[in-house]
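Peer 1: So that we are looking at the same thing, I have put the structure below in structure tokens.
The values are calculated or read from the model by the stated rules, or taken from the named source; none is laboratory data. Since we're looking at a predicted model, the values are computed, not measured. Please note: Cβ atoms are built from the backbone with ideal geometry, for glycine as well, and neighbour counts cover all protein chains shown. With ligands, DNA and RNA removed, areas are computed over all heavy atoms of the protein, side chains included. Shrake-Rupley method; radii C 1.70, N 1.55, O 1.52, S 1.80 Å.
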Amino acid sequence: MQSPMTTKDEKLYIVMVGLPSQGKSTIACRMHDIFAKNAIPTKIFNNGELRRKYSTSEDTWSSDFYNPKNKAAAELRKHFALMNIQRAKKYLRNKGQVAIMDATNVSRTRRELIEYHMKDHPILYIECINNDQEIVNLSILHKARMPEFSCYSEDYAVREFKKRIEYYRMIHNPLEAERNYITMDSLHNRILGEKIEDQLPLYSRIRDCLVSDVVRSLFLIRHTETYFNVEDRIGGDPDLTDRGKEQASALARFFKSKKIPYIFTSEKKRTIQTAEQIKSLQADCTIVPLSEFNEIHAGVCESMTYDEIQRIMPDVYSARKADKYNYVYPGGEGYMTMKERIQIGIKKAFYLNRRPDNIMIIGHRAVNRMILSHFLYRREEDVPYIYIPQDKFYHIVATQDKKVFELKRYQ
Ligand code: F6P
């Protein structure tokens, strides 16, 4: 059992807890970046990195390595955990102020080992939980593409990784006996439970960081020109025109020198075709289509032109004009009803992007208006009129100490 810390210490161990693919590293990086910006010496100690670097056995990628019955492998994993514990202690003995232990740490036994060795400063456990299966699956797919699985098919790697998660689930003990802990929904940045018995340094900063969206560099792009755009038709699933393809290739050239690990699009061809060109000039880039970023569904008006709507359905036309934000197309959506799914899409994109260095979303006119208004306050009635051109994109930075919204040309 951990001993109580009665006086306020200046140094802190943060111990991440959670099954694989629950967002621990994303949260660890977010805290690291915020502390680094505020001149608080912080370092992440990741057990997986040590395993990949020092393990002589080829088999540490295989699920069997995580089987609790595999005693030799369990010893090896404990060995890497101890290596990091010693490194973290040394770091705090010297110039370090915060050591973040990034590993699963799901069993009470592992946490007892940590507490036994780390008595010199208080420990705060942060458990990450994400119950969105779609996101967990995407995150597993990302892991399956890592170099350690490179000799195996993607399907096989995914199956092995899922087995690994099940082995960890078998030894998972919820946080309870620990003196200081926070459990959080790592997808929605929400605190689910907490218990704090010691006086912890930086506590309010940490809490604030856990619940904030941090956007270091978001490129928000509208798909390039489509056949429907030329005719002023709405909705549907049109292809890019030749001009649209040229615009997409200009975008690709513009972003060539920037690292774009993920491009989040809608499920519509026009956003994916735009993304494919950008991906073609990137070394390592994955396109992730999300239904949450599909364009506003215009119901009975899908594939019509604005002129046709005005002529054939004048009531729809004038009702929408009178209150564009709240108006819902018959059989379709309105800006107001899109709000929730757009927010979920943003959460998913930020969760998967891990290091928030560069993140790219290719959306649609109404979708991008909603995404912009998520970061930049606008009165609801003004949101449906935000300018979303096809020859420029928005660059957004929203951190604790910087907010930037720039409309930039790419040609
Ligand atoms: O490009 C056209 C479009 O994306 C349509 O598919 C969509 O219905 C429309 O823009 C949204 O803009 P507004 O709300 O101004 O009609």
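Peer 1: Condition test on residue 348, is it in a helix (DSSP H, G or I) and within 12 Å of the ligand (Cβ to nearest atom)? Even if it seems obvious, please write down each step before you answer.
Peer 2: Working: in a helix (DSSP H, G or I): yes; within 12 Å of the ligand (Cβ to nearest atom): no.
When the stated conditions are applied, residue 348 does not pass them.
Peer 1: So residue 260 fits all but one of (1) part of a loop (DSSP other than H, G, I, E, B); (2) surrounded by fewer than 17 Cβ atoms within 10 Å (Cβ to Cβ); what number is the exception?
Peer 2: Against the list (1) part of a loop (DSSP other than H, G, I, E, B); (2) surrounded by fewer than 17 Cβ atoms within 10 Å (Cβ to Cβ), residue 260 comes up short only on (2).
Peer 1: Right, here's the next one. Residue by residue through segment 223-246, note down the ones that are open to solvent by 40 Å² or more (accessible area, probe 1.4 Å), in contact with a helix residue (DSSP H, G or I) (Cβ under 7 Å, 6 or more places away or on another chain) and within 11 Å of the ligand (Cβ to nearest atom).
Peer 2: Pass one, segment 223-246, residues open to solvent by 40 Å² or more (accessible area, probe 1.4 Å): 227-233, 237, 239, 242-243, 245-246.
Those left that are additionally in contact with a helix residue (DSSP H, G or I) (Cβ under 7 Å, 6 or more places away or on another chain): 232, 237, 239.
Across segment 223-246, the qualifying residues are 232, 237.
Peer 1: If you take the residues of segment 213-222 that are more than 14 Å from the ligand (Cβ to nearest atom) and not polar (S, T, N, Q), which of them is nearest to residue 332 (Cα to Cα)? Don't jump to the end; show me each part of the working.
Peer 2: Within segment 213-222, the subset more than 14 Å from the ligand (Cβ to nearest atom) is 213-220.
Applying the additional criterion that residues be not polar (S, T, N, Q) yields 213-216, 218-220.
On the way: 213: 30, 214: 32, 215: 31, 216: 34, 218: 29, 219: 28, 220: 25 Å.
Of everything passing the filter in segment 213-222, 220 is nearest to residue 332 (Cα to Cα).
Peer 1: Same structure, new question: Among the residues in segment 273-282, are any among the basic types (Lys, Arg) and either in a loop (DSSP other than H, G, I, E, B) or within 13 Å of the ligand (Cβ to nearest atom) (or both)?
Peer 2: No; the residues of segment 273-282 include none that is among the basic types (Lys, Arg) and either in a loop (DSSP other than H, G, I, E, B) or within 13 Å of the ligand (Cβ to nearest atom) (or both).
Peer 1: Quick one: which residue in 205, 190 is within 24 Å of the chain's Cα centre (by Cα) and loosely packed, with under 13 Cβ neighbours inside 10 Å?
Peer 2: Working: 205 fails: loosely packed, with under 13 Cβ neighbours inside 10 Å.
None of the others qualify; the one that does is 190.
Peer 1: Name the pairs whose Cβ atoms lie under 8 Å apart, with the first residue in segment 382-399 and closer than 20 Å to residue 253 by Cα, the second within 10 Å of the ligand (Cβ to nearest atom) and open to solvent by 40 Å² or more (accessible area, probe 1.4 Å), and 6 or more positions between them or separate chains?
Peer 2: 390/229
Peer 1: Across segment 300-324, what is the total count of residues that are within 18 Å of residue 235 (Cβ to Cβ) and in a loop (DSSP other than H, G, I, E, B)?
Peer 2: So the answer is 5.
Peer 1: Restricting to segment 141-174, name every residue that is under 24 Å from the mean Cα position of the chain (by Cα), of a type in the set (A, V, I, L, M, F, W, C) and within 21 Å of residue 126 (Cα to Cα).
Peer 2: Passing the criteria: only 165.
Peer 1: Further question on the same structure: So which of 99, 72 ends up being open to solvent by less than 50 Å² (accessible area, probe 1.4 Å) and of a type outside the set (Asp, Glu)?
Peer 2: Details: 72 fails: open to solvent by less than 50 Å² (accessible area, probe 1.4 Å).
Just one listed residue meets the conditions, 99.
Peer 1: Could you list, in sequence order, all residues of segment 358-373 that are under 17 Å from residue 214 (Cβ atoms) and touching a Lys or Arg at 6+ places or on another chain (Cβ under 7 Å)?
Peer 2: Answer for segment 358-373, where residues must be under 17 Å from residue 214 (Cβ atoms) and touching a Lys or Arg at 6+ places or on another chain (Cβ under 7 Å): just 358.
Peer 1: Among the residues of segment 285-318, write down those that are in contact (Cβ under 8 Å) with a residue 24 or more places away in the chain and away from the ligand (no atom under 14 Å from the Cβ).
Peer 2: 285, 286, 287, 288, 289, 290, 291, 292 - these are the residues of segment 285-318 that are in contact (Cβ under 8 Å) with a residue 24 or more places away in the chain and away from the ligand (no atom under 14 Å from the Cβ).
Peer 1: Are any of the residues in segment 264-278 basic (Lys, Arg), under 20 Å from residue 334 (Cα atoms) and in contact (Cβ under 8 Å) with a residue 40 or more places away in the chain? Give the derivation first.
Peer 2: Start the filter on segment 264-278 by keeping residues that are basic (Lys, Arg), which leaves 268-270.
Now drop any that are not under 20 Å from residue 334 (Cα atoms), which leaves 268.
Going one step further and asking which of them are in contact (Cβ under 8 Å) with a residue 40 or more places away in the chain, we end up with 268.
For segment 264-278, residues basic (Lys, Arg), under 20 Å from residue 334 (Cα atoms) and in contact (Cβ under 8 Å) with a residue 40 or more places away in the chain: present.
Peer 1: Next question, about the same structure. Within 14 Å of the ligand (Cβ to nearest atom), buried (at least 20 other Cβ atoms within 10 Å of the Cβ) and either modelled with pLDDT of 95 or more or assigned to a helix (DSSP H, G or I) (or both): which single residue out of 336, 370 fits that description? Break it down stepwise before answering.
Peer 2: On the way: 336 fails: buried (at least 20 other Cβ atoms within 10 Å of the Cβ).
One residue alone meets the criteria, 370.
Peer 1: List pairs: first in segment 320-339 and without any contact (Cβ under 8 Å) to a residue 24 or more places away in the chain, second open to solvent by less than 60 Å² (accessible area, probe 1.4 Å) and in a helix (DSSP H, G or I), Cβ under 6 Å, 6+ apart or cross-chain?
Peer 2: Qualifying pairs under 6 Å: 327/319; 327/320.
Peer 1: Just one of 81, 99 is in a strand (DSSP E or B) and among the small types (Gly, Ala, Ser); which is it?
Peer 2: Numbers: 81 fails: in a strand (DSSP E or B).
Just a single option satisfies the conditions, and that option is 99.
Peer 1: Could you go through segment 376-384 and let me know if any residue there is within 16 Å of the ligand (Cβ to nearest atom), more than 25 Å from residue 279 (Cα to Cα), open to solvent by 20 Å² or more (accessible area, probe 1.4 Å) and under 19 Å from the mean Cα position of the chain (by Cα).
Peer 2: no
Peer 1: Moving to a separate point now. Might you check whether a residue that is closer than 30 Å to residue 32 by Cα and assigned to a loop (DSSP other than H, G, I, E, B) occurs anywhere in segment 379-387?
Peer 2: Filtering segment 379-387 for residues closer than 30 Å to residue 32 by Cα gives none.
So far as segment 379-387 goes, no, none of its residues is closer than 30 Å to residue 32 by Cα and assigned to a loop (DSSP other than H, G, I, E, B).
Peer 1: Which one of 371, 296 is more than 24 Å from residue 252 (Cα to Cα) and of a type in the set (A, V, I, L, M)?
Peer 2: Numbers: 371 fails: more than 24 Å from residue 252 (Cα to Cα).
Result: 296 is the single residue among 371, 296 that is more than 24 Å from residue 252 (Cα to Cα) and of a type in the set (A, V, I, L, M).
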